[in-house]
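Chemist: First, the structure itself, so that you have it in front of you.
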Amino acid sequence: MSISSHFKIGDLLIIMIIVILTIVLTFIVLQSEILGDERIIEISINGESTTYKYGVTESDIIEIEYFDQKGYVIFESGKVKIKPMSIKNCPNQICSKTGWIEKSKESIICLPNKIIITIKGSTNEPVDIISY
């Protein structure tokens, strides 16, 4: 039994079209999640949150204060990371080793300093679910 006895040329053509459409639509959805006009970033330090909005082409360095120390959050081309802190303030450096985040709902968390940096989304994200 060969494949040709089970599938005709039309069947294979339909399967190939479905596979190609799936790949293209997946790419479009992933790109729309990454790209947007503005990013909404929330920085929470010891439970107190501040929200920032940046265009995806903007760059900035935000100075944050925690426990009488200073740290820096870097925003560049729609991505966010935290500048490495001193080993004394953050022994494992997990927050700075996280690297760049760029997708909605990604976070950088520094437990010793109680810092949470989250990308809340972009200003043009469509509604995911509507409930009544």
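Chemist: Based on the Cβ-Cβ distance from Asp68 to Ile23, what FRET efficiency comes out when R0 is 35 Å, to the nearest 0.05? Spell out each step's value before the answer.
Modeler: Details: r = 52 Å, r/R0 = 1.48.
Taking R0 as 35 Å, the efficiency between Asp68 and Ile23 is 0.10.
Chemist: Ser96 to Glu58: extension gain in nm, 0.36 nm per residue of separation minus the Cα-Cα distance? Could you put the intermediate results ahead of the total?
Modeler: Numbers: separation 38, 0.36 × 38 = 13.68 nm, distance 2.10 nm.
Value of the extension gain: 11.6 nm.
Chemist: Take Tyr72, Tyr52 and order them by how many other Cβ atoms sit within 10 Å, fewest up front. Walk me through the numbers on the way to the answer.
Modeler: Working: Tyr72 13, Tyr52 17.
Lowest count first: Tyr72, Tyr52.
Chemist: Among the GluC sites (Glu not before Pro) within segment 58-125, which fall in a DSSP loop and have no more than 14 other Cβ atoms within 10 Å of their own Cβ?
Modeler: Working: sites: Glu58, Glu63, Glu65, Glu76, Glu102, Glu106; in loops: Glu58, Glu102, Glu106.
Sparse-neighbourhood loop GluC sites (Glu not before Pro): Glu58, Glu106.
Chemist: Label segment 38-122 by shape, choosing from rounded, prolate and oblate, from the square roots a ≥ b ≥ c of the eigenvalues of the Cα gyration tensor; if a/c is under 1.5 it is rounded, and otherwise prolate applies when a/b is larger than b/c, oblate when it is not. It would help to have the intermediate numbers written out before the result.
Modeler: Values: a/c = 1.79, a/b = 1.62, b/c = 1.11.
Prolate, since a/c reaches 1.5 and a/b exceeds b/c.
No value in this document is a laboratory result; all are computed from the given coordinates. This structure is a prediction, so every number in the text was calculated from the model and none was measured. Here Cβ is always computed from backbone atoms with ideal geometry, including for glycine, and neighbour counts include all displayed protein chains.
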